[in-house]
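Colleague: Mind looking over this structure? Questions follow.
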Amino acid sequence: MVAHALTPDPVPRRLAEPVALPTSGRRYRGLSAEERRADQRRRLVRAAIEEFAARGYHHTSVEDIVRSARTSRTAFYAFFDNREDAMYGALQTCLRSLLDSMRNGLDHATADDNLTEAGVRAYVDYLVADPAAARVILLEGVGTSPEVNALRSRIRRELADLIRDLWARSDAEAACSPQAAAISVGVFGILFESMVHLAETNRLDEAPAHVPALVTAIDRVLASHPAG
């Protein structure tokens, strides 16, 4: 099993996408060797997301992932040690995409926008747009291994920090209070558990209709905890 280092921005070396692609060298079907390798890993990760979502983690085999990705077991083991490692890669990809979507939603909010609504809508829209990723994040990634649990905890803290940054835009003093970190984690819990409930009951497509109520609940929680 691969030991994944838990650093502040931890993309384990084996799981990282190539950051620089060569511009010369032999190419096959228009792709360099590094580009083909990156494409192969993306296909394996996406296949893992789809298979874990459809079959459940415990009922998904390496062969299922390989078949879905239209590649070989040799290719699979070039990137992952085992099924658990593939879950780590799948969940990491989903969580990072979710975090990027929320940051992007907030970055594109205007001065007239409700920032809480922008963040909540970005969160909900990502999950609804990719039901397989949503299931991996909300349901299938829970309790599969200590490494996966640590990854989930780390991203949860990053999302809570994002909420705290949002809070600071309207009440900087309260967002810096000793209780602010715990409150921000609790606010993320409102978002996360509400989506878990909908996913468990196969009603995730109803999530956009819940955005106004979630925004109201979050704004009330943050407003009820002034600095002090």
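The values are calculated or read from the model by the stated rules, or taken from the named source; none is laboratory data. The structure presented is a predicted model; accordingly, all values stated were derived computationally and were not measured. Using ideal geometry, Cβ is built from the backbone for each residue, glycine included, and neighbour counts are taken over all protein chains shown. Heads up: the accessible areas ignore ligands, DNA and RNA and are worked out on the full protein's heavy atoms, side chains in. Shrake-Rupley method; radii C 1.70, N 1.55, O 1.52, S 1.80 Å.
Colleague: Looking at the structure I just gave you, is Glu34 surrounded by 17 or more Cβ atoms within 10 Å (Cβ to Cβ), part of a helix (DSSP H, G or I) and of a type in the set (Asp, Glu)?
Modeller: no
Colleague: Also: For the subset of region 153-182 comprising residues that are basic (Lys, Arg) and open to solvent by 50 Å² or more (accessible area, probe 1.4 Å), which member is nearest to Ile218 (Cα to Cα)?
Modeller: Arg164
Colleague: Can you say whether Leu191 is in contact (Cβ under 8 Å) with a residue 60 or more places away in the chain, surrounded by 13 or more Cβ atoms within 10 Å (Cβ to Cβ) and over 21 Å from Ser153 (Cα atoms), as far as the supplied structure shows?
Modeller: So Leu191 does not fit the description; no.
Colleague: Got at least one residue in region 111-132 being surrounded by fewer than 21 Cβ atoms within 10 Å (Cβ to Cβ) and in contact with a Lys or Arg (Cβ under 7 Å, 6 or more places away or on another chain)?
Modeller: Within region 111-132, one or more residues are surrounded by fewer than 21 Cβ atoms within 10 Å (Cβ to Cβ) and in contact with a Lys or Arg (Cβ under 7 Å, 6 or more places away or on another chain).
Colleague: Provide a single number: the residues in region 109-142 that are closer than 22 Å to Arg46 by Cα, hydrophobic (A, V, I, L, M, F, W, C) and not in a helix (DSSP H, G or I).
Modeller: 1
Colleague: So, one more: Please name all residue pairs, on different chains or six or more residues apart, with Cβ atoms under 8 Å, provided the first residue is in region 157-182 and is more than 12 Å from Leu115 (Cβ to Cβ) and the second residue is open to solvent by 90 Å² or more (accessible area, probe 1.4 Å).
Modeller: Ala175/Asp165
Colleague: Also, I was wondering about something else. So is Ala78 over 20 Å from the mean Cα position of the chain (by Cα) and open to solvent by 20 Å² or more (accessible area, probe 1.4 Å) or not?
Modeller: yes
Colleague: Ok, one more. Among the residues of region 62-73, is any assigned to a helix (DSSP H, G or I), more than 20 Å from Tyr123 (Cα to Cα), at pLDDT below 95 and open to solvent by less than 50 Å² (accessible area, probe 1.4 Å)?
Modeller: There is no residue in region 62-73 that is assigned to a helix (DSSP H, G or I), more than 20 Å from Tyr123 (Cα to Cα), at pLDDT below 95 and open to solvent by less than 50 Å² (accessible area, probe 1.4 Å).
Colleague: Ser145 - would you say it is open to solvent by 20 Å² or more (accessible area, probe 1.4 Å) and either in contact (Cβ under 8 Å) with a residue 40 or more places away in the chain or out of contact with any Cys (no Cβ under 8 Å at 6 or more places or on another chain) (or both)?
Modeller: Against the criterion (open to solvent by 20 Å² or more (accessible area, probe 1.4 Å) and either in contact (Cβ under 8 Å) with a residue 40 or more places away in the chain or out of contact with any Cys (no Cβ under 8 Å at 6 or more places or on another chain) (or both)), Ser145 does not qualify.
Colleague: Tell me which residues, restricted to region 87-108, are more than 16 Å from Leu139 (Cα to Cα) and assigned to a helix (DSSP H, G or I).
Modeller: Arg96, Ser97, Leu99, Asp100, Ser101, Met102, Arg103, Asn104, Gly105, Leu106, Asp107
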